[in-house]
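See below for the structure under consideration.
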Amino acid sequence: MAKWAIILGVCLLNIVVAVDKNNFKSCEQSSFCRRLRKYQPGESTYHLDFSALHITDNVVEAQLINTQVPEVNLKLTLTAIIGNIFRVSVDEVNGLHSRYKPQFALNGDPQETKLEVVARNLEQVTVSSGDSKVVLTAKPLKIEFYTKDKLVNVVNSKGLFAFEHYRNKPAEGETDPQIQDDPGAWEENFKSHHDTKPRGPSAIAADFNFPNAERVYGLPEHGDSLSLKSTQQNNLDPYRLYNLDVFEYELDSTMAIYGAVPVVYAVSPQHSVGVFWHNAAETWVDIKNSKDTDIISSLVDFVNPSSKETFVDVRFMSESGVLDFFVLMGPTLKSAVKQYVSLTGVHGLPQLFTLAYHQSRWNYNDQDDVTTVVANFDIHNLPLDVMWLDIEYTEGKKYFTWDHIKFSNPDNMVSNLTSTGRKLVVIIDPHIKREGGYFLHEDALKHDFYVKNKDGSVYEGWCWPGSSSYLDFYNPSTVDYYKKLYSLDNFKGTSHDVWIWNDMNEPSVFNGPEITMPKDCVHYGGWEHRDVHNEYALAHTIGTYQGLRLRSPHKRPFILTRGHFAGSQRYTAMWTGDNDAKWSHLAVSFPMCLSEALGGISFCGADVGGFFNNPDTELLQRWYQAGIWLPFFRAHAHIDTKRREPYLFSDDIINRIRTALRLRYAHLPLWYTLFWEHETQGEPVLRPLLYHYPEKEVIDIDNTALIGNSVLVRPVSEPGVTSVEVYLPGGSNANWYDLSTFTLYHGGSYKLSVDLDTHVAFYRGGSIIPRKDRPRRSSTIMHRDPFTLYVALDNEKTASGTLYLDDYESYEYKNAKKYIYLLFNYSNNKLTSSLLDKTDYPTEEWIEKVVILGPPAGIKGAKLISKSLGTVDLETSYDKQMKYLTVRKPGVSVREPFSIELV
């Protein structure tokens with residue numbers, strides 16, 4: 001949502017044209033970033049002591065010494081994790097204070113695996129796990145990671161490792177050897193503290209060198225390209241990871257916005273490796289890439305490209321916490337992403353309706369407005385599944401209440417929605433209005449549920465309700481109370497078909513430093529907000545998730561969040577926040593969601609049409625055509641924008657939007673299958689081309705995406721164009737079929753003509769794509785509809801694909817194995833269906849049609865063979881140009897194996 005300026009205690013709408021950078025810190029203004037970035041490459045002051053090395057089957061432990069302050073006792077631990085992952089952690093032993101370790105990012109304790117000692121002496125220790133090995137060098141500290149004897153990652157190769165230990169403030173006239181170049185560090189960050197023991201700066205940092213890497217991806221969330229920029233050569237601030245409510249956030253920028261996922265992947269066509277920096281504090285990440293060189297080096301590379309090896313350097317710097325990171329050994333981008341997901345988890349299979357179209361704005365005026373909008377979608381044959389309500393549905397911005405005039409009968413409104421197969425989503429934010437008599441505020445005060453100031457008093461900030469306090473989701477009692485608020489008895493007017501939107505949970509504090517909570521606020525357990533900041537939104541959504549599971553134990557929850565962290569995907573979908581009605585924001589939605597997908601968060605989308613301002617009709621149409629290809633598909637708009645529901649426009653615009661919506665609904669079986677495979681196999685739903693095609697030509701392409709491995713889309717994100725360029729990977733033998741005309745293309749670069757009706761999308765040859773092509777008003781009504789299989793043949797005239805189905809809403813697929821997971825194969829002019837899992841679900845769904853793209857010539861008919869139907873002759877027909885062959889009415893249930901042979 002937009003920001004409200006607080007003037008004399010009154011929230012007024014603050015209309016501005018761009019982000020006000022004065023509200024947010026640069027690295028130079030951030031004490032620890034400024035201090036750590038002054039480090040110069042050289043010999044590290046950190047040494048490992050191997051004289052008392054401790055080695056077990058899974059772990060190597062050694063004392064780590066900083067020669068500047070040798071009296072401080074640090075311990076370095078190296079652990080082998082199942083799945084070709086290594087974990088390295090450094091912590092103080094008997095330090096002055098405990099250091100924070102993120103509580104919620106990991107999906108349980110990582111499973112350790114066996115380490116074997118290859119060689120050891122007082123200078124070096126080498127251990128191996130599978131095909132990977134690690135070499136630890138004592139003086140100075142260096143950790144090298146190898147895959148099959150190929151060096152892929154070096155820690156502290158530049159000597160930029162740092163671990164500022166907690167300590168008492170130096171006496172007057174003394175210097176602190178760790179921060180001698182920044183004498184004001186104590187005063188800036190630690191003027192006072194809530195406990196009696198003082199503590200000084202406690203930042204940590206480590207540098208990672210990736211030899212032979214060509215690009216580095218990751219670090220969502222930024223309004224930036226998929227490939228991360230070199231910050232050091234380009235005089236940029238490091239990428240900042242610090243969840244912030246940034247009004248009209250800037251594109252092409254390293255500035256922090258709403259989410260923080262501290263994972264990077266250094267990639268090349270030959271090898272990919274990742275690093276997950278497990279830390280919830282403010283973090284800055286410097287990037288150096290050999291591709292960004294000076295003019296002389298560039299000329300040398302141009303004359304002799306093999307004269308210089310490529311590399312990427314990445315340096316993480318965090319304000320506090322334990323130094324803890326995982327090295328994801330790859331060796332491909334695909335395997336590195338799956339390794340990361342094995343640590344932080346996946347989004348559970350969502351209900352089908354969540355993958356359909358969502359209609360929102362801030363705000364629908366009242367319950368009659370909601371009913372009217374839905375009726376108009378039906379009148380104009382526009383499919384719709386979900387209506388959304390922003391903050392104005394509440395009584396005075398008090399969550400878990402309804403405005404008694406505008407929404408006087410929410411039960412009836414919800415009943416009207418669900419009777420047409422629709423659902424409702426309402427917003428619940430973490431700030432609580434400080435108003436006497438408001439039950440939630442009174443209970444929070446009484447039971448001590450709020451975040452505290454450093455002096456132990458309740459923290460008070462400003463947000464939508466005005467004076468607000470913030471629930472402390474680190475307190476188990478707070479979460480236990482909060483989750484019960486979602487019960488139908490407590491949140492009256494809701495039902496099992498009402499779901500939740502968690503916004504403003506960075507947390508957003510309008511009068512706070514950088515529009516967020518002060519770092520010296522205190523959470524349950526004595527942790528300062530500086531320690532947990534990037535994790536707070538995740539803690540919030542966990543409470544919501546538990547509440548919805550408690551309220552509706554038989555239905556899979558749907559939650560949308562803005563703030564997010566590593567592991568958020570286990571509980572919630574996310575969207576790219578308060579974007580603008582500009583072509584640039586349409587274009588950036590794809591690299592932003594691709595970056596999130598590599599960060600484990602597949603359920604990503606961007607507000608169709610832009611949240612701020614009013615899109616022209618060309619932009620609006622193009623945004624719908626693009627938005628159908630992102631996993632989360634919602635239109636949303638600011639309260640001051642013109643109404644822009646699709647039915648309000650001219651017939652030709654309505655027709656184009658309707659076509660886009662129906663295309664989304666037709667592909668719901670594909671989206672649903674991909675989310676099943678995301679849950680069970682760890683595959684992202686949305687994928688960059690490089691995920692499947694390690695080609696140099698695709699390494700910088702982020703305006704094109706793969707939906708699974710079967711659909712390639714290139715949104716038209718430029719105004720007034722009559723053509724677009726698209727690259728189809730896979731080489732000259734690869735087949736790609738235009739989705740609109742089924743015209744065959746081979747791998748390569750193309751300049752394609754486009755008009756306002758054009759969707760630039762392709763089916764990959766070798767794929768079988770399940771669709772439901774009967775137009776419906778909502779996905780709920782599609783549950784029993786038949787499937788059409790689109791068989792896109794490759795150069796060898798073969799194809800395969802999968803289909804997953806169940807009851808589309810419950811946990812019976814887990815609890816009772818009530819689901820069907822099918823494999824379709826086509827070869828030698830025969831299509832077969834078989835069960836991948838020996839499970840069943842009593843569905844009435846069946847195969848209505850088979851469409852074969854790039855078909856063989858001379859086909860006169862087809863024969864179906866199945867147990868229930870026996871042998872049945874089927875009709876076939878070619879289109880006029882023989883671009884596809886249609887097999888009509890097989891009529892066979894998806895529950896049983898079958899074959900269809902062309903004759």
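The values are calculated or read from the model by the stated rules, or taken from the named source; none is laboratory data. Remember, it's a predicted structure, so these values are computed and weren't measured experimentally. Methodologically, a virtual Cβ is constructed for each residue, glycine included, from the backbone with ideal geometry; neighbour enumeration extends over all protein chains shown.
Whenever a residue of region 781-792 is in the same structural domain as residue 831 (by the TED database) and closer than 25 Å to residue 742 by Cα, its partners that are in a strand (DSSP E or B) and among the charged types (D, E, K, R), lying with C-beta atoms within less than 6 angstrom and at least six residues away or across chains, give the pairs 786/848; 788/771; 788/848; 788/849.
Of 473, 449, which residue is touching a Gly at 6+ places or on another chain (Cβ under 7 Å), at pLDDT 95 or above and crowded, with 17+ Cβ neighbours inside 10 Å? After ruling out the rest, the residue left standing is 473.
Of the residues that sit in region 867-903 and are small (Gly, Ala, Ser) and free of Cβ contacts under 8 Å to residues at least 24 places away in the same chain, which one is surrounded by the fewest Cβ atoms within 10 Å (Cβ to Cβ)? Here the answer is 870. Among the conditions (1) crowded, with 22+ Cβ neighbours inside 10 Å; (2) free of Cβ contacts under 8 Å to residues at least 24 places away in the same chain, the only one that residue 458 does not satisfy is (1). Is it true that some residue in region 560-567 is part of a helix (DSSP H, G or I) and either crowded, with 21+ Cβ neighbours inside 10 Å or in the same structural domain as residue 453 (by the TED database) (or both)? Within region 560-567, none of the residues are part of a helix (DSSP H, G or I) and either crowded, with 21+ Cβ neighbours inside 10 Å or in the same structural domain as residue 453 (by the TED database) (or both). Scanning region 838-863 for residues that are surrounded by 13 or more Cβ atoms within 10 Å (Cβ to Cβ) and without any contact (Cβ under 8 Å) to a residue 24 or more places away in the chain returns a single hit, 839. In region 315-330 there is at least one residue that is under 16 Å from residue 86 (Cα atoms) and in a loop (DSSP other than H, G, I, E, B). Looking across 182, 195, one residue alone is in contact with a helix residue (DSSP H, G or I) (Cβ under 7 Å, 6 or more places away or on another chain), modelled with pLDDT under 70, among the charged types (D, E, K, R) and in a loop (DSSP other than H, G, I, E, B). It is 182.
If you check 426, 373, 414 for being part of a helix (DSSP H, G or I), β-branched (Val, Ile, Thr) and either in contact with a strand residue (DSSP E or B) (Cβ under 6 Å, 6 or more places away or on another chain) or without any contact (Cβ under 8 Å) to a residue 60 or more places away in the chain (or both), only one passes: 414. Scanning region 708-724 for residues that are crowded, with 22+ Cβ neighbours inside 10 Å and closer than 26 Å to residue 214 by Cβ yields 708, 712, 713, 714, 715.
The combined condition, being modelled with pLDDT under 95 and farther than 23 Å from residue 317 by Cβ, is fulfilled by residue 94.
Among the residues of region 531-559, those identified as buried (at least 20 other Cβ atoms within 10 Å of the Cβ) and over 23 Å from the mean Cα position of the chain (by Cα) are 551, 552.
Considering each residue of region 610-651, count those that are part of a helix (DSSP H, G or I), out of contact with any strand residue (DSSP E or B) (no Cβ under 7 Å at 6 or more places or on another chain) and either crowded, with 19+ Cβ neighbours inside 10 Å or in contact (Cβ under 8 Å) with a residue 40 or more places away in the chain (or both), and give that number. Adding up the residues that qualify gives 9.
From the list 821, 804, the lone residue that is within 28 Å of the chain's Cα centre (by Cα), part of a strand (DSSP E or B) and surrounded by fewer than 21 Cβ atoms within 10 Å (Cβ to Cβ) is 821.
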